[in-house]
Amino acid sequence: MKISYNWLREFVATGLAPSEVTARLTMVGLAVDSVEQIGDDYVFDVEVASNRPDCLSHIGVARELAVILRTNLQLPFVNKSRVVGSSSDLISVRIDDVDLCPRYSARVVRNVKVGPSPDWLVARLASIGQRSINNIADITNYVMHEVGKPIHAFDLSQITDAQIIVRRARSDESIITLDGVVRRLDREMLVIADSMRAVAIGGVMGAENSEISVDTKDVLIESALFQTESIWRTAGRLGLQSEAAYRFSRGVDPEVCLAVIDRAFDLMCEIAGGTADNDAVDVYPNRKSPAQVSLRQERIEQITALRVDEAESERILLDLGFLPRENSAINQRVRDYLVPSWRFDVHREEDLVEEIARHVGYEKIATHLPASTTIGAYQKHEGRRRAIRQSLNGAGFSEAINLSFSDSSHDNLFDLLPGLKTEGQHQFLTLVNPIAEGFDRMRPTLLSGLLNAVRTNLNHGIRDVRLFEIGRIFVKDQGELQESKLPQERESLGLIATRPHVKAGSTSGSGDKGELNFYDVKGALEAIAEAINIAPFEFTPATVRHLRSGQSAIVLLEGRPIGSLGRLSHEIADAFRFKQPTFIAELDLSLIEEASQTPVRYQPLARFPSVLRDASLLIDRQIKLSDVMAFVRTLNADYLAEVSFVGVYEGSGVADDKRSLTLKFEYRSPDRTLHDEEADEAHSKIMNMLQNSFGAILR
Amino acid sequence: MSSGPEALPHHQQAQETLEVFRREFERFERFNDDSMIERLALSDAREVVRDLEAVKIKYTGRKSSLSKLKKMIGDIATEHRRDFNQLLRRIEEEITTSIERIETALTEHVRLRGAQRDALDVTIPGHRLESGRLHPITLLRQRIEDIFVAMGYQIEDGPEVETNFYNFTALNIPESHPARSPLDTFYLDNGLALRPQTSTVQIRTMKRSRPPLRIIAPGRCFRRDTPDATHNPMFFQVEGLLVDRHISMADLKGTLREFVRRLFGAQTVTRFRPSFFPFTEPSAEVDYSCFKCNGKGCSICKGTGWIELGGSGMVHPNVLEAVDIDPEEWRGFAFGLGIDRMCALMYGLNDIRLLYENDMRFLRQFKS
């Protein structure tokens, strides 16, 4: 909101420099964002909060300044001498919809001479960024910026039968507004009409058909009141943001309707040489009595910690326009105040307290730390969540945050987390007003966002990407047909890793940059379970829609599926144009965080050395490591303390349907040092069993 | 026999040993001059050290003649033993001193030269696994949580998809308020909406638990802002709420002042100025002195010296009444701070869209 320094000083006598005005207004709640010098004037850009539409005017801001300066507000003098005739003889006004238009006042100014505005008026409007049109239009604009109440001037000769009818638009009605645009109206919009046609969209903009022109002789000044919501909706629907609509949609003083007409006709008589009618037509069927609010003096200190004496709080309220009820004397601890008609934001005692506090000054409020009455606590799983993040950082994964939206065209690309239904689209949450195409769903999986992130990086030439994200995913709950039933929000953990193919024979500095594979990402997951000390995840091969067959697994925790891991499917990789191997995983984080902790119990250290034997076994590819390990453990073989995985080899020298597994066997006696021969005997027994049961060939 | 002990054969033998040593050691004498050692190359110096070591063993080792002489002590008449021992000690001392003096200097020289030859380039990077980084929003959020937990607050969260009651009605936002419009708030096809602020959590907490209460609720919020350098349709906010008896705006000022001092440093100054929010009354905008220029005015604070921290105020009595808390008995304050904005200012981001693009070049810049 642009406010002119010189204009302000017409209403408040002040010697304060513009920079001081800036500081003082800011500290009472009218933040001045900038000050610009224009000629001999300064223009403030004032940020007016939505509860203070009364300050969308020079008088409104001047009133605050007058309270700050403890001086009087001087309202413009209205000269009513040049009045003749009677408007009520000439025009009639009918309001058909009092909800949308609670008041309509009108007055006629006769025999004006439409022409350019005087220099001072042009300059004043220009200082606040307003273009001069003609003297009549400029006066309406000037008065609006002065008082804050929009008014409109019609060419009376264009109002058929001099009859004003305030009604809802008809569904097939359209008019051309002053900006030359054809506006299609509907039943929700209010028009000002004559007996034939609409001549304005009420409170938003006038129509060309009744515009002031050089031929205009008699002017009908409209000063009406419109319902805020209606103006706001109409302006929004038409995409027509006018200065009038801006003010009406925030609220204008209902009691200023006639005063502002007086101010306008006075200026029109003076500048455009007209004569005004003696009376105004004023249709105002339901005048509201002013609101009344009580103030207990002690509440000021209780709420703000400011000690304010009664004379000072009374002065502030009076100067702001509040009137004490006659029956509440100043020495009483409770006073009732009538709220001024331009203040729509004052309903309760606290509102009065704020008025007093902001004019005493927030800077005078002490600073104090409240006494401790509570115990601080993180969210239940914050410790685990931090450990998981740290563990993933350690595995080389950086944290991503994606927007929580996804693209409905990705609906069927992914298998969702276990437990989330996957039949049809009805389970997805759809936004009715997405910000852009491709953001029309609340994401049911973190994977689409992570894939987009990888694509972004590849586009920027970054080909080594490891990301994880922790965030919520959304699906409708079982009773999704019920209105207002909150959807399921699950905390999910997603991982993605990709790296270029490694050319044979190439090496790199840090030495850990081999071909990325399934086990790299699996290792990152295993580390999580270890970091928060829960049962290790188990992995079983499975077919997953978004993963490549033969390189995909379901992840289980304590026997329960919690997600999947694997290499991105050919289809999705092609769709995203990924040429390098990409591995993705998504796990239900809530289940991980809620899993029970494995108790840590100290195990006595082995007192005698062990004997180690490695064995490489050529076995069928169908046989899984876990099968072999489980089998060995069930043997209860002599002295066998531990069997562990060393490595796997597949490739030249090994048939396609085979792979070579290398295992390490550790033999130990609890009460003496084991002899090599004893270990060898035990080992060869196990080897025989493996040969018999799996057809394993020792290499 | 009147001759002294010097004439005894053992004594003579010992004297001869010394003479032999002296003659042999002559070739090392030049190394008593440090400059001779300085001139030796590393390999030559090592050669000399080995040579010297051999000489040392030859004359003082277990099989040396000196060693043999020591064993002959029993053959010597008692009255001469003391003299003989003294003689042997003198001889041994001369041998070892001669050798060690040069040996020490040579060894020092070898170590020095060796160290020079093997000197590392300590500026070559150390070996380690390249670790990942936390998102800057997480880093800041964790710091904020740590500060408030230390001040007795509980961290809370609630649904991101909410009903109009929690999003607006209970927060004293009137039916006609523009914030409710589909221009500003995301709506779902079933009438629910994405929370435009985490103040929703205030309401859920107050419905669930009775005062005294201290909570903060950090989390994702959504508003229909078209992405540009300072807007995203999703952002992170931290909402704070304290409800207790005898709470005033002084407590609000004290709390937020303490918070910014812990986050940005003890020199940070706060400023409260009147503002408007439907769910607080009185309301205050909180500014803090720019951490970059300390209030002098710079590009970060757009020359004002102040940076907007967020909105705050005393909880509106209508809000307390909506959750059945008696505003005559309890009072509270609330505040809402934008984490994204703080993050942008703290790290000097000029375009906050970067926060959610997940470019590795961006993410890798942040450390706790």
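Since every read-out is calculated from the coordinates, none of them should be taken as a lab result. Being a predicted model, the structure only gives us computed values, none of them experimental. When we count neighbours, we look across all protein chains shown, and the Cβ atoms used for this are built from the backbone with ideal geometry, even at glycine.
Projecting the Cα atoms of B:Cys298, B:Phe31, B:Val315 onto the charge dipole of chain B (Cβ charges, centred on the Cα centre) puts B:Phe31 farthest toward the positive pole. In a fully extended conformation the segment linking A:Gln241 and A:Arg170 would gain 23.4 nm over its present Cα-Cα distance, using 0.36 nm per residue.
The value of relative contact order for the stretch B:217-268, using C-alpha pairs under 8 Å at least six residues apart, is 26 percent. What residue among B:Ile73, B:Phe148, A:Ile388 has its Cα farthest toward the positive end of the dipole of the protein assembly as shown, where the charges are +1 on Lys, Arg and -1 on Asp, Glu, each on the Cβ? Ranked along the dipole, the leading option is B:Ile73.
The value of relative contact order for chain B, using C-alpha pairs under 8 Å at least six residues apart, is 14 percent. Assuming a ≥ b ≥ c are the square roots of the Cα gyration tensor eigenvalues, decide whether the stretch A:212-341 counts as rounded (a/c under 1.5), prolate (otherwise, with a/b larger than b/c) or oblate. It comes out prolate by the Cα gyration axes.
So, R0 is 25 Å and r is the distance between the beta-carbons of B:Ser368 and A:Ser596; what FRET efficiency does that work out to, to 0.05? That pair, B:Ser368 with A:Ser596, gives E of 0.25.
Listed from fewest to most Cβ neighbours within 10 Å, the set B:Glu281, A:Glu298, A:Glu349, B:Glu239 follows the order A:Glu298, A:Glu349, B:Glu239, B:Glu281.
Summing Cβ point charges (Lys, Arg +1; Asp, Glu -1) relative to the Cα centre of the protein assembly as shown gives a dipole of roughly 2200 debye.
Stretched out straight at 0.36 nm per residue, the stretch from A:Asn111 to A:Leu605 would grow longer than its current Cα-Cα span by 166.8 nm. With a simple spin-label model that places each label point 7 Å from the Cα along the Cα-to-Cβ direction, the separation between B:Lys302 and A:Gln390 comes to 4.1 nm. Excluding same-chain residues fewer than 8 positions from A:Lys522, which lysines have a Cα within less than 21 Å of its Cα? Partners found: A:Lys513, A:Lys624.
Using R₀ = 45 Å, calculate the FRET efficiency as 1/(1 + (r/R₀)^6) where r is the Cβ-Cβ separation of A:Asp33 and A:Ser409; round to 0.05. Rounded to the nearest 0.05, the efficiency is 0.60. The local environment of A:Ser127, defined by Cβ-Cβ distances under 14 Å, has a net charge of -4 under the rule Lys, Arg +1 and Asp, Glu -1.
Counting Cβ atoms of other protein chains within 10 Å of each Cβ in B:191-198 and taking the mean gives 2.
Among B:Met234, A:Met689, sorting on how many other beta-carbon atoms sit within 10 Å of each Cβ, with the fewest leading, yields A:Met689, B:Met234.
Go ahead and run the numbers for FRET between B:Ala41 and B:Asp121, Cβ-Cβ distance against an R0 of 22 Å, rounding to 0.05. That gives a FRET efficiency of 0.45. Listed by chain and number, the lysines whose C-alpha is less than 19 Å from the C-alpha of B:Lys207, apart from same-chain residues fewer than 8 away, are A:Lys485. For B:Phe264, A:Phe665, the sequence from fewest to most other C-beta atoms within 10 Å is B:Phe264, A:Phe665.
Centroid-to-centroid, using Cα positions, the stretch B:196-225 and the stretch B:38-71 are 84 Å apart.
When ranked by the protection proxy of mean other Cβ atoms within 10 Å per residue, highest first, what sequence do the peptides B:133-140, A:52-59 form?
Taking the mean over residues of other Cβ atoms within 10 Å, the ranking is A:52-59, B:133-140.
Can you return the lysines within cross-link range of A:Lys364? Criterion is Cα-Cα under 25 Å, with same-chain partners fewer than 8 residues away left out. A:Lys364 reaches B:Lys253, B:Lys296.
With a 10 Å cut-off around each Cβ of A:346-354, the average count of Cβ atoms from other chains is 5. The stretch A:378-420 and the stretch A:16-76 have Cα centres separated by 50 Å. Per-residue packing, averaged as other Cβ atoms within 10 Å, sorts the ranges B:221-228, A:268-275, B:334-341 into the order B:334-341, A:268-275, B:221-228, beginning with the highest.
Under the simplified labelling scheme, the A:Leu625-A:Asp477 pair shows an inter-label distance of 4.2 nm, with each label point 7 Å from Cα along Cα→Cβ.
Relative contact order for chain A: what is it in percent, counting Cα pairs under 8 Å that are at least 6 residues apart?
Values: 1281 pairs, mean separation 62.5, N = 699.
Here the relative contact order equals 9 percent.
When peptides B:158-166, A:540-548 are ranked by their average number of other Cβ atoms within 10 Å per residue, the highest-first order is B:158-166, A:540-548.
Here is the short version for chain B: B:Cys221, B:Cys343 have no other Cys C-beta closer than 4.7 Å. The mean count of C-beta atoms from other chains within 10 Å of the C-beta of residues in B:250-257, rounded to a whole number, is 6.
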